[in-house]
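The values are calculated or read from the model by the stated rules, or taken from the named source; none is laboratory data. None of the values given here were measured: they were computed from a predicted structure. No Cβ is skipped: glycine too gets one built from the backbone with ideal geometry, and neighbour counts run over all protein chains shown.
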Number of protein chains: 2
Amino acid sequence: MKSAKTVLRQYLKNNGLLASKQREQVLNVFLKTEKHLTVDDLYELVRKKNPRIGLATVYRAMRVICDAGLAREADFGDGSKRFEHKYKHQHHHHLVCLKCGRVIEVMSPEIEKLQQKLTKKHNFTPVRDTMKIFGTCRKCKRKGE
Amino acid sequence: MKSAKTVLRQYLKNNGLLASKQREQVLNVFLKTEKHLTVDDLYELVRKKNPRIGLATVYRAMRVICDAGLAREADFGDGSKRFEHKYKHQHHHHLVCLKCGRVIEVMSPEIEKLQQKLTKKHNFTPVRDTMKIFGTCRKCKRKGE
DNA sequence: ACAACAATTGACCATAATTCTCAATCTCAT
DNA sequence: ATGAGATTGAGAATTATGGTCAATTGTTGT
Ligand SMILES: [Mn+2]
Ligand SMILES: [Mn+2]
Ligand SMILES: [Zn+2]
Ligand SMILES: [Zn+2]
């Protein structure tokens, strides 16, 4: 299986885009984490390697990385977009703690099945889906009393 | 069953808030539609009745209306919050057409069950949840070729 | 009905995330 | 190495939303 870097390189070439140093740097910091980071988080991380990089460049790089199929946007309703891995990671949903912000990843093939059933019934062609459950996590429940 | 207006009035009284003319006007236009409207949509509608109302007032009114349990926020990823009915309307999910923007409301008690199972397994206390499937709707599929 | 007090409004400013602009710089096929 | 075209970085622009505050309104007790 191709490495993420190779996937990006190929995507760039196939679309007449250039393999800039910045794009690779952004991809590198993105690959190093399994967290759900904002553009600003990633910006701060890339700056450690390349202090001259611009914030707009990180925005642009993440869009390309998404288009290449390596990342996916995730929105937890806190005001900024976040990114998570898409390549070599299976599709999942999120439990989001309203108290501490923790995000728990969950999978459910049964729900996927029911989603298919739903879209078929409405003759709707699904492209992507998202499910989030907001509430209180195990840890915060214990602390809360 | 109490009317939405009564629910709002009671919520206001119970919380030391005033029943202003503007809050009732915003509630009225919100109640008249079953669509998913933005604050700006609602602003334009209220202006027909009260051209002197301010945009910030509509923002503030919709927050109160949500807090009172009459409306719920819905985000379809197009840059602005939307609002939908919560009172006298059962919980549902959305199919969002990426071509025409149409939003189809769907219900699935089976999915709700599986969600419960998921949260229980993680000892997570759910407060609210949202599921959206993005794709191409029936009509756009036909037109598309 | 009225006065007193607190809440609300509307106009405008502030903020924050994201995108745009453009001259300078970089990439890459030749 | 070179030139055409893509990208970058800095800063301005945009957009949704929230904050400020003096003027106004709603409520409550008289
Ligand atoms: Mn995730
Ligand atoms: Mn709805
Ligand atoms: Zn928590
Ligand atoms: Zn459509």
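Things worth noting here:
- For B:C66: the one exception among (1) more than 24 Å from A:D75 (Cβ to Cβ); (2) within 16 Å of ligand 2 (Cβ to nearest atom): (1)
- Any hit, segment B:38-51, residues being within 16 Å of DNA strand D (Cβ to nearest atom) and under 17 Å from A:H93 (Cβ atoms): no
- Out of A:T57, A:T33, one residue alone is among the β-branched types (V, I, T), out of contact with any strand residue (DSSP E or B) (no Cβ under 7 Å at 6 or more places or on another chain) and over 26 Å from B:F124 (Cβ atoms). It is A:T57.
- Residues of segment B:69-96 satisfying the condition of being more than 30 Å from B:K5 (Cβ to Cβ) and within 14 Å of ligand 2 (Cβ to nearest atom): B:L95, B:V96
- Residue match in segment B:9-18 (condition: within 15 Å of DNA strand C (Cβ to nearest atom), crowded, with 20+ Cβ neighbours inside 10 Å and either more than 14 Å from chain A (Cβ to nearest Cβ) or modelled with pLDDT under 95 (or both)): no
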